[in-house]
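The values are calculated or read from the model by the stated rules, or taken from the named source; none is laboratory data. Note that the coordinates shown come from a computational prediction; the quantities given were computed from them, not determined experimentally. Neighbour counts run over all protein chains shown; Cβ positions are idealised from the backbone, glycine included. Ligands, DNA and RNA are stripped out before the accessible areas are found, and what is left, the full protein with its side chains, is counted by its heavy atoms. Shrake-Rupley method; radii C 1.70, N 1.55, O 1.52, S 1.80 Å.
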Amino acid sequence: MNEEPKAGENKEAPKTDASKKKTRTTKLNVELSSINSLPQKRIEQLLDEEYAMFSQDRLIRETLEKKNELESYIYEMRNKLGEKYSAYATSQVKTALLAELEKGESWLYSEGMETTKDIYTQRLDELKKVGEPISNRFKEYETIPEVSAEFLQNLATYDSVASSTVNRFL
């Protein structure tokens, strides 16, 4: 029975290669030369320029963040004064703060478009001096129910200990 191999089949048994591949390692001596590199002084100069550009970019980013923070504070405080904070400030303080916020907003979109980070920080701090007491007052009144509940619980605990007939502390 002589069968013909089908297409893609090999009639002969696979050969096993008993010989191993040999590899040879050779040590290469490599010397660095500065034929096409920049002189050390020029490299240092370029690194200094890169650092200066990085510092300038960081300052621009921080300035824009402060500007955005000031703008956000103006809008947020104006909205909260009309809603949440209206009961926590007198009408005179609200009127004065709203006038300062309006003045700050008009300054921000005119003279304040191209100013320094320090000026934005200074303007924000001035507005916060007036606005923070109002927001702190609001936060304090928000915590009154929690604090009073805790106080009443502690009062009940101390009252039960004081009215107890057990002499634990003798």
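Computed quantities for the displayed model
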| quantity | calculated |
| --- | --- |
| Loop trypsin sites (Lys or Arg not before Pro), the stretch 32-64 (other Cβ atoms within 10 Å of the site Cβ: 11 or fewer; DSSP) | none |
| Accessible-area composition of the stretch 14-170, carbon plus sulfur, in percent [1.4 Å probe] | 54 percent |
| Estimated FRET transfer efficiency when R0 is 41 angstrom, pair L32-R61 (beta carbons, to 0.05) | 0.60 |
| Residue order for Y85, Y158 - accessible surface, 1.4 angstrom probe, largest first | Y158, Y85 |
| The chain: DSSP helices with Cα axial extent of at least 27 Å and average Kyte-Doolittle hydropathy no lower than -0.5 | 144-163 |
| With at most 16 other Cβ atoms within 10 Å, longest stretch of the chain clear of loop GluC sites (Glu not before Pro) (DSSP) | 84-170 |
| Which labelled figure in (1) 38; (2) 71; (3) 35 is percent of Cα pairs over 25 Å apart, once derived from the coordinates | (2) |
| GNM flexibility winner over the chain from L97, L70, L155 (Cα, springs under 10 Å) | L155 |
| Potential lengthening between S91 and Q45 on full extension [0.36 nm per residue; Cα-Cα distance subtracted] | 10.5 nm |
| Net charge of Cβ neighbours under 14 Å - reference K84; Lys, Arg +1; Asp, Glu -1 | +1 |
